[in-house]
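Below: one structure, written as structure tokens.
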Amino acid sequence: MEAPVIKGLSVAAELPRGKNNPRNSEGDFARLKDGSVLFAYSRYHGDDDGDDAACDVAGMISKDDGRSFAPLPDLLATAAELDTQNIMSVSLCRIPDGTLCLFYLAKFGPQSAVYLKRANEENGLSFGPPELCVPKTRGVYYVVNNARLTVSPQGEVLIPLARHPIVGEKRNRHGSYFGTACVWAGNEHGRNWYRKSKVLSMPYPGHTRTGLQEPGIEALPDGRLYGYFRTDRHFQYESFSSDGGATWTRPVPSCFTSPDSPMLIRRNPFSGVYYAVWNPIPNYNGRLAPDGRWINAGRTPFVLAQSEDGLNFSRFTVLEDDPGCGYCYPAMYFLDEKTFLLSYCCGGEEDGMCLTRTRIRRVEIE
């Protein structure tokens, strides 16, 4: 296929940091039963923008098909409900029984877990109590990116996770940087969760600091599942499953050059076309701002490619390329055959780092 031709690229919302709100980051979209579009995202409060700092899940609503968004008056989920201080990395997924579910990562000191909340859309948008999907595991810190939930061709709800060994017992400490991956699954009602796959590891682990990080899954036209992983080996790595996610091929480099930064692949249900958004090399090593702060980690430019089969992608089209900013943690929602919403972190030097500001664009393809 030819590279995507952008007909329209408007900004529907901008979420910069503010007073008592040091970071607005990883989010996801869903269409509600009344036709409006919900955007849920990680909203930090206090004065700390670190990954483990105080964070809840907030929401915005669009009543004009994604052309503009207005904030919801109430939070969608709070860390206090789980007696912790940080919940983040939001995924919205309408599971096969028709229920809209809000998934998020909850952090408990050195451990983490995955929860969901079920939406009530009949009497106005509200979410029920948190339900545990992936429990805390001794010695493991889980990471699940935003916009990562997938329904398999068999009707199971799949959660791709990165697993990081815990290297200390201090509160708010992550696991080690090196990651492996696995898949958890629930039934069509979002219940009976279990670990579906064995643990996937990076080949030749002595030659990588990251291992396999921030996995994603997308279903292919032939019924297989395509898995992809962030690495520090100059490429996104890839793996395939022919049995609904139980077993996977050995991870190998894909066609996507990339720094240590996440990618997202999504299929447009109206057209069948697959779209990928990511940061290609050459800006691999990134740069340091003059005062030594981490700004973009090489996460620029930010590009879009398309594919008919989910495997053979076109040349890319540049969406953002400011060398002073970093673009990462995207979410994508399709409105029709040629239009989709795209959210991503987009911070620059004035924001302190790339993760503190989020932008929502309405993208129209020629």
FRET efficiency for residue 63 and residue 9 from the Cβ-Cβ distance with R0 = 25 Å, rounded to 0.05, comes out at 0.70
Treating only Lys and Arg (+1) and Asp and Glu (-1) as charged, each at its beta carbon, one finds that the chain has a dipole about its Cα centre, in Debye to the nearest 20, of 860
When the charge dipole of the chain is computed with +1 at the Cβ of Lys and Arg and -1 at the Cβ of Asp and Glu, the Cα pointing farthest to the positive end, of 57, 343, 248, is that of 248
Violations at 20 Å Cα threshold for listed pairs 19/117; 136/198; 7/338; 136/196; 33/117 -> 19/117
Between residue 187 and residue 34, the two model label points (7 Å from Cα along the beta-carbon direction) sit apart by a distance in nm of 3.3
Looks like the range 120-271, by Cα gyration tensor root eigenvalues a ≥ b ≥ c and the a/c under 1.5 rounded cutoff (else prolate when a/b is bigger than b/c, oblate otherwise), is oblate
Residues whose modelled amide H sits under 5 Å from the amide H of residue 210, counting only those 5 or more places away in sequence or on another chain, are 232
For P(r) over Cα pairs in 20 Å bins from 0, in percent, with candidates (i) 31, 64, 5; (ii) 30, 61, 9, 0; (iii) 32, 56, 12, 1, the value calculated from the shown model is option (i)
Exposed-loop cut sites defined as trypsin sites (Lys or Arg not before Pro) in DSSP loop states with at most 10 other Cβ within 10 angstrom; longest site-free run of the chain spans 171-292
Given the candidates 128, 39, 318, the one whose Cα lies deepest towards the positive end of the charge dipole of the chain, counting +1 at each Lys or Arg C-beta and -1 at each Asp or Glu C-beta, is 128
Relative contact order as a percentage, the chain, C-alpha pairs under 8 Å and 6+ apart, gives 16
Put in order of increasing Cβ neighbours within 10 Å, starting from the fewest, 318, 144, 37 give 318, 37, 144
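Read the figures in this text as sums done on the coordinates, not as results from a lab. Just so it is clear, the model here is predicted, and its values are computed rather than measured. Cβ coordinates were reconstructed from backbone atoms using ideal geometry, including for glycine residues, and neighbour counts include every protein chain displayed.
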